[in-house]
Amino acid sequence: MKLFADTAIISEIEEVSTWGIISGVTTNPSLIAKSGISLTDAIQKIVNLIDGPISAEVQEGNATDMVEEAKIYAKMHKNIVIKIPMTLEGVKAVKQLSTFGIKTNVTLVFSTSQALMAATAGATYVSPFMGRIDDLTGRDDAGFELVKAVKDMFKTYGFKTQIIAASIRHNNHVDQAMKAGADIATIPFKVLNDMVKHELTDRGLKIFREASQNK
Ligand code: G3P
């Protein structure tokens, strides 16, 4: 499972780019607002930091407007993937963009039927939201089941659309995304930092440190 950074904050992307293990970035309007810069400024900076798919989200609207906005971002760099919301107009826009060879990431996916429509339209990626479906259901495995069901459905019907597990809130979501067979997990900066930690690693390091001091 590939690791993407789910952030538009440039200092965070600069930091994770030094790790050498982050192969893409996803942004959305909330993340852009938090970053304090415009989407086009963010795109220009991010493409120089991470050499991989960078999702830039269009404003929700009718298919024609979304396609026109998508063309602007797609022209900016070869790695740009157009993030399109899961609506009927979004499905139409994905279909048109796929005929132009523009890559798409259909976002706000919460069911297999939505994923089927997006994949049939030619989406490069779909983004099922793990955290938000857990919130809605009050369960801690609804996100896992969603990603697994989409994975099984894509396998059964031979879709090449890749799954980006999104709305990841903690390490357990990352584990669940792996178990469900997501192709990619897009992960907030804090969770990326948490993933490296384990209390037994810390304890082991302490034991080694004490042993080398007592030499
Ligand atoms: O990738 C989508 C993600 O940014 C949404 O996360 O935590 O707002 O549900 P969240």
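Taking 25 Å as the limit for the C-alpha separation, the pairs K71/K179; K103/K155; K95/K190; K2/K148; K34/K190; K92/K190 exceed it in the case of K71/K179; K95/K190; K92/K190. Gain on full extension, evaluated as 0.36 nm per residue between D202 and M1 minus their Cα-Cα distance, stands at 69.8 nm. Here the simple spin-label model places points 7 Å from the Cα toward Cβ, and for S30 and T156 these points are separated by 3.1 nm. The residues neighbouring V81, those whose beta-carbon lies less than 15 Å from its own, together hold a net charge of +2 under the Lys/Arg +1, Asp/Glu -1 convention.
The share of accessible area on the range 2-213 that comes from carbon and sulfur is 55 percent, using a 1.4 angstrom probe. Among the trypsin sites (Lys or Arg not before Pro) in the range 1-98, those located in a DSSP loop and surrounded by at most 16 other Cβ atoms within 10 Å of their own Cβ are K78.
Which shape class applies to the range 1-108: rounded if a/c is under 1.5, otherwise prolate when a/b exceeds b/c and oblate if not, where a ≥ b ≥ c are the square roots of the Cα gyration tensor eigenvalues? Note, shape of the range 1-108 comes out prolate. Expressed in Å, the radius of gyration and Dmax of the Cα atoms of the range 56-215 are 19.4, 71.
The values are calculated or read from the model by the stated rules, or taken from the named source; none is laboratory data. No experiment lies behind these values; they were computed from the predicted model shown. Cβ sites come from the backbone with ideal geometry, for glycine too, and all protein chains shown count toward neighbours. Calculation scope for accessible area: heavy atoms of the full protein, side chains included, ligands and nucleic acids excluded. Shrake-Rupley method; radii C 1.70, N 1.55, O 1.52, S 1.80 Å.
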